[in-house]
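The values are calculated or read from the model by the stated rules, or taken from the named source; none is laboratory data. Computed from a predicted structure; not experimentally measured. Reconstructed Cβ throughout: ideal geometry from the backbone, glycine too, with neighbour counts over all protein chains shown. Note: accessible area is taken over every heavy atom of the protein model, side chains too, but ligands, DNA and RNA are not part of it. Shrake-Rupley method; radii C 1.70, N 1.55, O 1.52, S 1.80 Å.
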Amino acid sequence: MSEESPRPELLDDAQRRFPVPDYDEVPEDIRERLDEETERAGFTPNVMSALAYKPSHFRAFMAFHDALVDDTTLDREEVEMIVVAVSGRNNCLYCNVAHGALVRIYAEDPHLADQLVSNHRTADVSDERMAMLEVAVKLTEEPDAVTTDDLDLLYEAGYTQEEVWDIGMVAAFFNLSNRMATFADWRPNEEFYGMGR
């Protein structure tokens, strides 16, 4: 961490149902990741502060998250759109706010995140992306109703097999994330509310 970089601050209210450790109490590899994220964002995302409560889960969660955003055939904008549409259906405050900010930034659109959170069908997106959102939301709301027809809808919209896989994986992972955020009461950082507006 450079001299000018902000020191990570793990806020006590990052989650309300479990404790948040002090920065000096977490393992060195996690402190390094916190340093990197704090330098990049200018603040420490509360999800990381919350996950630091259990280091093995922090490592696994962040490794999976990184794989989803770094090794995907989808645009980052599409990844974040899926996250917000799924999180909107799950009423996940943390992801609606934090990933809503990322949608606004990556899409360069101050309105899209709000459309996705309230009702993805109101979103001003292409037919291809609407198909993506429809399948991600169906996987969220009615996982047992998803069939090959849903995958075919994505193929017909022009998505490749790997992109179809990635759509399912992003939706599934953020359903997990939404449930933990609700269970532990993760709170979005104040900074996220105004980003990209």
Is it the case that F18 is open to solvent by less than 30 Å² (accessible area, probe 1.4 Å) and over 28 Å from P110 (Cα atoms)?
-> no
Which one of these does A41 not meet: (1) under 17 Å from N189 (Cβ atoms); (2) without any contact (Cβ under 8 Å) to a residue 60 or more places away in the chain; (3) of a type in the set (G, A, S)?
-> (2)
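So that you can scan it fast, the table gives a plain yes or no per residue for (1) out of contact with any Ser or Thr (no Cβ under 8 Å at 6 or more places or on another chain); (2) within 20 Å of P188 (Cβ to Cβ):
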| site | (1), (2) |
| --- | --- |
| L34 | no, yes |
| P45 | yes, yes |
| A52 | yes, yes |
| H57 | yes, yes |
| T72 | yes, no |
| V79 | no, yes |
| I82 | yes, yes |
Please indicate, with yes or no, whether at least one residue in segment 103-123 is in contact with a strand residue (DSSP E or B) (Cβ under 6 Å, 6 or more places away or on another chain), open to solvent by less than 20 Å² (accessible area, probe 1.4 Å) and either in contact (Cβ under 8 Å) with a residue 12 or more places away in the chain or farther than 21 Å from T73 by Cα (or both).
-> no
Within segment 63-82, can one find any residue that is modelled with pLDDT of 95 or more, farther than 17 Å from I167 by Cα and open to solvent by 10 Å² or more (accessible area, probe 1.4 Å)?
-> yes
Considering only residues that are closer than 14 Å to I167 by Cα and under 18 Å from the mean Cα position of the chain (by Cα), look in segment 139-152 and name the one that is most open to solvent (accessible area, probe 1.4 Å).
-> L139
Can you list the helices (runs of 4 or more DSSP H) found entirely within segment 1-101 that contain at least 3 residues being under 13 Å from S177 (Cα atoms)?
-> 46-51, 55-70, 76-89
Are there any pairs with C-beta distances below 6 angstrom linking a residue in segment 139-150 that is closer than 12 Å to A172 by Cα to a residue that is assigned to a loop (DSSP other than H, G, I, E, B), with the two at least 6 apart or on different chains, and if so which?
-> L139/V146
Scope segment 67-93; condition within 20 Å of E128 (Cβ to Cβ) and hydroxyl-bearing (S, T, Y); matching residues = T72, T73
Out of segment 157-168, which residues are within 10 Å of V79 (Cβ to Cβ) and touching a helix residue (DSSP H, G or I) at 6+ places or on another chain (Cβ under 7 Å)?
-> I167
